[in-house]
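Asks: Once you've had a glance at the structure underneath, I'll fire off some questions.
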Amino acid sequence: MGAHNSAEAIVRVDGLSKSYGRVHALQAVSFSIRVGEILGLIGPNGAGKTTLFECVAGLEPADQGNVYFGPVPVDGRHRSSKLFYVPDGIAPWPDQPVQWVLDFSLGFFGGRRALYEQVVADLALNPLMTVPIGALSKGQRKRTLLALGLLAPQSILLIDEPFEGLDLRQSRDAAAALRKHLTPDRTFFLSIHQIAEAAKVCDRFVLLSGGLIVAEGTLDTLTALAQQRAGHDLPSDFEEVFLALT
């Protein structure tokens, strides 16, 4: 069992491993997701972040390890009751307009209809409601995917690269929307390679490098660990902390 505080953890990932031939994408990965937090999965491209998300969400079977909801291990087929996964770079129903996609998703998943107008406004989607998904820019499509996630009924939202394709202002607005819609009954787990963006929005961090968890904790905890390993003080900059730990 991983050494996590089960009293605080809504999800515990314990010893997940995944290989593709000789490539070890994940190696005995263990960490916790706590109630009501924004947890950031931080790592460079190729670190295994998307593979980890797909295994946690149950889309890919892990070779070893378990995912626990509280004290109970839950197999991949049944994790969608609590987990909603928003992949990066997809264009669902590309011939349909944004409004149709949001309305259909609300009906299909039984989503949070009371939040509809607020989420659309927060992500500046009103001018795009009649535009087909396939005609959206990368950033516009990303904002639509974020809306799908925020409107989903599940209590835990996994978002792969929430700020990919967004400019500085749009990234700030998206981060503000995520923070605004974080409620006691919602938890966000974000996979991010832009370290500066992660530092602004996340409460805690899981650092992934080469398929291995190298550290987990708040920025203060990670800074102290990085200074201990380095043997000297480091600038209070998350990029420097990340480089020192990886």
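Asks: Out of the residues in the range 209-225 that are of a type in the set (A, V, I, L, M) and surrounded by 19 or more Cβ atoms within 10 Å (Cβ to Cβ), state the one that is farthest from Val29 (Cα to Cα).
Replies: Among those residues, the one meeting the criterion is Leu222.
Asks: What about Ile42, is it buried (at least 17 other Cβ atoms within 10 Å of the Cβ), under 19 Å from Gly217 (Cβ atoms) and at pLDDT 95 or above? Even if it seems obvious, please write down each step before you answer.
Replies: Numbers: buried (at least 17 other Cβ atoms within 10 Å of the Cβ): yes; under 19 Å from Gly217 (Cβ atoms): yes; at pLDDT 95 or above: no.
Considered against the rule, which asks whether it is buried (at least 17 other Cβ atoms within 10 Å of the Cβ), under 19 Å from Gly217 (Cβ atoms) and at pLDDT 95 or above, Ile42 comes out as no.
Asks: When the range 50-80 is examined, which residues are found to be over 13 Å from the mean Cα position of the chain (by Cα), among the polar types (S, T, N, Q) and modelled with pLDDT of 95 or more?
Replies: Gln64, Asn66 - these are the residues of the range 50-80 that are over 13 Å from the mean Cα position of the chain (by Cα), among the polar types (S, T, N, Q) and modelled with pLDDT of 95 or more.
Asks: Give the residues of the range 125-149 that are in a helix (DSSP H, G or I) and of a type in the set (Gly, Ala, Ser), sorted by residue number.
Replies: Matches in the range 125-149: Gly134, Ala135, Gly139, Ala147, Gly149.
Asks: Name the strands (runs of 3 or more DSSP E) wholly inside the range 178-246 in which the number of residues that are aromatic (Phe, Trp, Tyr) is 1 or more. Before the answer, list the steps.
Replies: Working: elements: 187-192, 204-209, 212-217.
It comes to 187-192, 204-209.
Asks: Applying the selection to the range 169-194, what residues are more than 23 Å from Leu115 (Cα to Cα) and either in contact with a Leu (Cβ under 9 Å, 6 or more places away or on another chain) or modelled with pLDDT of 90 or more (or both)? Spell out how you get there, then give the answer.
Replies: Looking only at the range 169-194, we keep the residues that are more than 23 Å from Leu115 (Cα to Cα), and these are 191-194.
Listed by number, the residues that qualify are Ser191, Ile192.
The values are calculated or read from the model by the stated rules, or taken from the named source; none is laboratory data. Since the structure is predicted, the reported quantities are computational estimates derived from the model, not experimental observations. We place every Cβ from the backbone using ideal geometry, glycine too, and count neighbours over all the protein chains shown.
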